[in-house]
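Q: This is the structure I have questions about; it appears just below.
Every number in this text was worked out from the coordinates using simple rules, so none of it is lab data. Since the structure is predicted, the reported quantities are computational estimates derived from the model, not experimental observations. Positions of Cβ are backbone-derived with ideal geometry, glycine not excepted, and every protein chain shown enters the neighbour counts.
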Amino acid sequence: MTFSRRGLTGRADGDQSFPIDSWGLDDMIVQQATAALGKRFQVQPVTYNRSAFAKLETESIVTHVNLVRSDPIKKLVRAEVSPQGLDAYVVITKAKASSSGSGRKIEGVGFITYGTVMAPYSRIHALYEVRVIDGKTFDIIEKRTADPLGNLEELRLQGPSRPIDDSYSPSKGDPVGNENLRQAISSLISESLSSTLGDMHLADAP
């Protein structure tokens, strides 16, 4: 999880990152996606090389070069996922977005504080994208970035985000141990995942 500061003077003190493996967001997403997809499809769990997918995200989510060559996720599904031969694979990975027209990128799960002339304000975000990959040809059947939720007049992000009180900021103790922050992020993902899968016609609309 990344805590970022944006504003008229650019970044302040740099971004801070905190490990949130203990929150179990990956498992939560798998469980909720399985429940939603299971109403229409037969869902089978798979195993995958987590480090291979994580390395790709660290190097570049989907760079312009990768877009020209081929979506690298397809190769990972072919080489690093078991079992092979299923009809399709659903892959959910973090995404990037520009913050408030500044051109600066934020990604995945995070907390962003934006300074203005009037007053600063903060939002949490959970940026991700869903791919459906053909299990025989490994072509991408569909790819969709999770849509924004609610009113984004204060800070426009192309992905799920929500205003939040500054008491959740990293200056207020340990953010990883902040149960209210964990619940807020989990709720944001749950609501947006249900909506995104519905928009892709993979699940019933919420």
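Q: Counting only other residues whose beta carbon sits under 13 Å from that of LYS143, what net charge do I get with K and R as +1, D and E as -1? Mind dumping the intermediate values first?
A: On the way: positive: LYS74, ARG131, ARG144; negative: ASP71, GLU129, ASP134, ASP139, GLU142, ASP199.
Local net charge: -3.
Q: Compute the distance in nm between two label points, each set 7 Å from the Cα along the Cα-to-Cβ direction, one at ARG104 and one at ALA52.
A: The answer from the label model is 3.6 nm.
Q: Output ³J(HN,Hα) for segment 187-197: one whole-Hz value per residue in order, computed from phi by the Karplus curve 6.51 cos²θ - 1.76 cosθ + 1.60 with θ = phi - 60°, and x for Gly and Pro.
A: 5, 4, 5, 4, 5, 6, 5, 4, 5, 5, 5
Q: Between SER187 and ARG144, what is the FRET efficiency for a Förster distance of 25 Å, r being their Cβ-Cβ separation, to the nearest 0.05?
A: Details: r = 21 Å, r/R0 = 0.82.
My answer for the efficiency is 0.75.
Q: Sticking with this structure for a sec: So for each of 32-41, 128-137 I average, over its residues, the number of other beta carbons within 10 Å; can you give me the resulting order with the highest mean first?
A: 128-137, 32-41
Q: Taking a 18 Å limit on the Cα-Cα distance, which of the listed pairs LYS74/LYS136; LYS55/LYS96; LYS105/LYS143 fall beyond it? Walk me through the numbers on the way to the answer.
A: On the way: LYS74/LYS136 11 Å; LYS55/LYS96 16 Å; LYS105/LYS143 20 Å.
Among LYS74/LYS136; LYS55/LYS96; LYS105/LYS143, the Cα-Cα distance tops 18 Å for LYS105/LYS143.
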